[in-house]
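Since the structure comes first, as structure tokens, the remarks are kept for the end.
Values in this text are rule-based calculations from the coordinates and carry no lab data. Owing to the predicted nature of the structure, the values given are computational and were not obtained by experimental measurement. FYI the Cβ positions are ideal-geometry reconstructions off the backbone, even for glycines, and counts take in every protein chain you see.
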Amino acid sequence: MTNQHYPHLFQPLKVGNKTINNRVLMGSMHTGLEDRPKNYPKLAEYFKQRAAGEAGIIVTGGIAPNIAGWVGPFSGFLKYGFQVKRHRLVTEAVHSVGGLICMQILHSGRYGYHPFNVSATDKQSPITPFKPKKLSDKKIHKQIKDFVNCARLAQKAHYDGVEIMGSEGYLINQFISPRTNDRDDDWGGSYENRTRFALEIVKQTRAAVGEDFIIIFRLSMLELVNNGSSIDEVIRLAQDLEQAGVSIINTGIGWHEARVPTIATMVPRAGFAWVTELIKQAVSVPLVTTNRINHPQVAEDIIASGKADMVSMARPFLADPELVKKSRLGQAQDINICIGCNQACLDHVFKNQMASCLVNPAACHETEFEKQPTQKSKNIAVVGAGMAGLSCATTLAERGHQVTLFEASDKIGGQFNLAAAIPGKEEFVHTINYFSHLLDKHGVTLKLNHPATASDLDGFDEVVIASGVVPRVPGIEGIDHDKVILYHDLLSGRKKAGHKVAVIGAGGIGFDVSEYLSVENPDQAQTIDEFCAEWGIDQSIQAPGGLVKAHDEKSAREITMLQRKTSKPGKGLGKTTGWIHRLSLKKKGIKTLTGVQYHKIDDQGLHITVKEQPQVLDVDHVVICAGQLSNKDLYQTDDHFHIIGGADVAAELDAKRAIKQGTELGLKL
């Protein structure tokens, strides 16, 4: 039966002897749960919930075929028979709810963060401290054998297939690409020699597992590094992989060392589907497109237009394990949409922490965040409708409590409304809309334009103070001058800045404000073509690696960002996105000054000293981004008062902590 909401997305797809019920592949994500045997029961529950949420086919996080292939010390690998048992916990959990799951085989090569790593050559990666050992001919054959052995063990663990990771700059990609393979033997030089490693792995794996076992190959279609593969080589390899026996080809975009954003929130939705479309007409096996596909309508449009046969959604399944089921039922408004922030998923993984999700702290912690109905319904007041208050209020109401939510302003969302005003963060509004829907769905009484007073809170069984933060105003002479604008007044549109602006503060807020000021029309999201032009992406992929000269769009204003500290501006930005923000502002010509002493603000401008040299910045306005203070005037010491979010700790716009705190308290009361 054709789905009335997303007819193309819910067309079944036959692959071998398996039928995939829809066109959604849950893409591979490393969560940290894969790396410790004790965590496999948690991993099983994590995947079970996504399978029950109707993911068409699931791909696990990367599992190495041997120790040399580790991503980091003691990360997950599958080489021995005794390791099969733990994987069966995962496959049995997924199969118990009718799901399909493939295990990704990932050999990190020179990306391995350990001294045992190996590669096609001994060229060191720019993002890891360990120089790889160049594989000899004999040891290359040993690596191939380990890939095949890993696939065979995955089959014994009852996986429905494997995904062979051939992209993102990992070992197989290191053989394929001229960038990392300048060997002069049978494994390097010509296209035939460079692709031999990948094709031998596929051929020998197919021979070992039989015809009905699914083999997905993650093909690097757009490398985004210099001296990479051209479109002609990518198409030829896709055709050769089909002949070698792959069931599905998945799209890989960019290398980890690439200096182009590929999955962060500023990347336009479905920003790389055009890459898959270039390859699709050349092969007959199903092709999967990927990156920044976070809504069923985006996915439906891709399949309907013929750009791909399937879509890969990875982080969206962290945000909402039931996104496919909700899509099938026409309940898109119920989907907790991934906003591409990376703060709790990739940032955690790259710091060797367990992955989670900013908008869904239960992700990868499902056994710790069980939402049980309350045994005794209470009358609870929540003060403040920012992220902490919203997550707490909706969790409490869903569990069966009677909740009244007080908000001093005329809308919910708090500081998240300011974040959504930043160019490239427009999708943050989805989280606000999601919570708005939950307030209605679970019957929360919302009182806008209502600053809660002590008398308002009398009679409630519990009171949650989530009143957020207020900007910190530094004690600079002239801070009340007309030139001064506090960041929240700027981003809310209450005040406008002139052409020459000084931004005091180079933390997350300072960077966001500078990005906002640098754009002529901050409300207008970039198109895919504009994004590719800005970052130098060759949409014909004729240039090796797909890079051309970037179009540096200069800032719409003269901006100087300043900080008291002498450390690098933006040092505390996200692990996986900080470099994007720093590079973006640099490309736009925004100046930064460190080690600044502030003296006064007057008609002449901002008076400062830098490196013992006094100077005056002739600016139209000075925007203050000097941190925040907790706004907790209603805080009490009584046992029935609870304080969360920014009112608890006035850290920089930390929605991750706020939502987690709110959810945890909502589960506890």
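Computed values, structure above
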item: Tensor-based shape of region 497-560 (alpha-carbon gyration tensor, a/c under 1.5 rounded, otherwise prolate or oblate); result: prolate
item: Shape box of region 518-669 [Cα atoms, principal axes, largest first, Å]; result: 65, 46, 28
item: Cα gyration tensor shape for region 356-462, rounded if a/c is under 1.5, else prolate or oblate; result: oblate
item: Average silhouette area of the chain, convex hull of alpha-carbon atoms, in square nanometres; result: 30.4 nm²
item: Shape call, region 13-368: gyration tensor on alpha carbons, a/c limit 1.5; result: rounded
item: Under the Debye formula (equal points on every Cα, no solvent term), log10 I(q)/I(0) of region 141-222 at q = 0.20 Å⁻¹; result: -0.87
item: Partner lysines for residue 495 [C-alpha distance under 16 Å; skip if fewer than 8 residues away on the same chain]; result: 483
item: Largest to smallest principal axis extent of the C-alpha atoms in region 81-151, angstrom; result: 46, 28, 20
item: DSSP beta bridges in the chain [antiparallel fraction, %, rounded to 5]; result: 20 percent
item: Coil-residue trypsin sites (Lys or Arg not before Pro) of region 567-606, DSSP, other Cβ within 10 Å capped at 10; result: none
item: Rg(Cα) / (2.2 N^0.38 Å) computed for region 247-386, rounded to two decimals; result: 1.25
item: Sequence-distant residues sharing a close amide H with residue 619 (under 5 Å, placed H); result: 606
item: Pairwise centroid distance, computed over Cα atoms, of region 535-564 with region 167-207, Å; result: 31 Å
item: Whole-number percent relative contact order across the chain, with pairs defined as alpha carbons under 8 Å at least 6 apart; result: 12 percent
item: Compactness index (Cα Rg / 2.2 N^0.38 Å), region 166-272; result: 1.10
item: Alpha-carbon centroid distance for the pair region 149-166 / region 69-138, whole angstrom; result: 12 Å
item: For peptides 253-259, 455-461, 376-382, sequence by mean Cβ density within 10 Å, most packed first; result: 253-259, 376-382, 455-461
item: Order by protection proxy (mean Cβ within 10 Å, highest first), peptides 168-174, 347-353; result: 168-174, 347-353
item: 17 Å tail of the calculated P(r), region 289-332, as % of Cα pairs; result: 27 percent
item: Rg followed by Dmax, in Å, when region 253-327 is reduced to its Cα trace; result: 12.7, 36
item: DSSP-defined beta bridges in region 1-142 - what % are antiparallel, rounded to 5; result: 25 percent
